[in-house]
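As structure tokens, the structure follows; a few thoughts come after it.
The values are calculated or read from the model by the stated rules, or taken from the named source; none is laboratory data. Quantities reported herein were computed from a predicted structural model and do not represent experimental measurements. Reconstructed Cβ throughout: ideal geometry from the backbone, glycine too, with neighbour counts over all protein chains shown.
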């Protein structure tokens with residue numbers, strides 16, 4: 001049940017998917033894996049939308065060179081507050097009606113079942129394919145939808161993996177994953193891709209529209225292109 | 001036959017254009033097309049670009065659908081090449 005305050009807070013989006021849709025968001029738990037360039041705006045907009053429980057996962061602490069894009073981390077957090085805790089502090093003050101859970105650490109084959117237990121949707125905000133494939137395997141094993149996003153420079157990609165319906169990340173990107181280290185990225189690019197990921201989550205949870213199932217969205221913001229490639 | 005090749009993201013910057021129509025031998029595969037493109041744009045050779053299927057760091061679509069490298073092309077096809085990105 002939504003409170004009077006929640007009905008007012010979410011009034012403008014209840015116009016889109018109804019009180020029923022808003023209750024679904026409130027009753028859901030979404031994991032944000034990686035609280036960096038994508039994870040910051042993803043967590044921010046999930047909180048704004050009123051997702052009942054948000055689980056933030058990351059093992060790093062913010063660095064100065066993160067701040068051009070990782071907008072939930074501030075100067076005072078540098079070298080001090082691990083990213084999930086830094087983000088939790090702000091999100092709880094932004095929306096006190098939702099619950100923010102954290103896991104400070106790296107996901108591994110050993111801990112993933114425990115950490116992601118009870119999650120309805122996983123949002124992939126990682127920066128490497130090695131851990132993405134770990135999420136992919138978990139999503140298929142436990143039949144949990146996974147919203148994939150990745151960025152570099154002014155381009156990005158988004159697709160939603162639903163076990164039993166779509167291809168897996170391993171099938172879509174069989175050879176990705178060798179690249180590591182520093183890559184060019186602009187905060188606004190991450191913001192665009194992250195916003196699309198949040199819309200995917202909301203579409204999955206409320207039934208609104210059509211998620212990017214078996215479709216890969218590729219954007220190049222330097223050249224204003226949005227292309228959707230059919231994956232099946 | 002003629003095919004249109006579209007370049008995305010990094011490839012677009014490297015090649016310097018978003019798309020081009022090129023004349024290719026009838027019935028070539030995606031893999032053969034990529035070899036032609038490497039000759040045409042040597043800058044692409046420096047990318048991990050379809051040396052062999054298990055190494056290739058390039059995704060290819062044909063007329064808007066994802067394809068494998070052994071798929072045979074037809075006249076008028078639109079082929080898109082895009083590098084998977086991995087940052088977050």
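When the stretch A:193-217 is filtered for residues that are within 13 Å of chain B (Cβ to nearest Cβ) and either out of contact with any helix residue (DSSP H, G or I) (no Cβ under 8 Å at 6 or more places or on another chain) or surrounded by fewer than 15 Cβ atoms within 10 Å (Cβ to Cβ) (or both), the ones remaining, listed by number, are A:193, A:214, A:215. Annotation note: of B:53, B:57, the sole residue that is at pLDDT below 90, in a loop (DSSP other than H, G, I, E, B) and under 16 Å from residue A:157 (Cβ atoms) is B:57. Remark: pairs (first residue in the stretch A:121-133, farther than 14 Å from residue A:36 by Cβ; second residue modelled with pLDDT under 95 and assigned to a helix (DSSP H, G or I); Cβ separation under 6 Å; 6+ apart in sequence or on different chains) = A:133/A:170.
Considering the stretch A:143-164, the residues that are touching a helix residue (DSSP H, G or I) at 6+ places or on another chain (Cβ under 6 Å) and within 8 Å of chain B (Cβ to nearest Cβ) include one that is modelled with the lowest pLDDT, namely A:155.
Looking across the stretch A:96-140, the residues that are crowded, with 18+ Cβ neighbours inside 10 Å, away from chain B (no Cβ under 14 Å) and in a loop (DSSP other than H, G, I, E, B) come down to A:98, A:116, A:119, A:120. Those helices (runs of 4 or more DSSP H) of the stretch A:1-60 in which at least 2 residues are in contact (Cβ under 8 Å) with a residue 24 or more places away in the chain and under 20 Å from residue A:192 (Cα atoms), considering only elements entirely within it, cover A:39-49.
Note on the stretch B:1-48: residues that are more than 11 Å from chain A (Cβ to nearest Cβ), in a loop (DSSP other than H, G, I, E, B), in contact with a helix residue (DSSP H, G or I) (Cβ under 8 Å, 6 or more places away or on another chain) and closer than 22 Å to residue A:157 by Cα total 1. Only one of the numbered conditions (1) within 13 Å of chain B (Cβ to nearest Cβ); (2) part of a loop (DSSP other than H, G, I, E, B); (3) without any contact (Cβ under 8 Å) to a residue 40 or more places away in the chain is violated by residue A:167, and that is (3). Residues in the stretch A:25-52 that are surrounded by fewer than 18 Cβ atoms within 10 Å (Cβ to Cβ) and under 20 Å from residue A:116 (Cβ atoms): A:27, A:29, A:52. Checking each residue in the stretch A:170-192 for being at the interface with chain B (Cβ under 9 Å from one of its Cβ atoms), closer than 15 Å to residue A:212 by Cβ and not in a loop (DSSP other than H, G, I, E, B) picks out only A:172.
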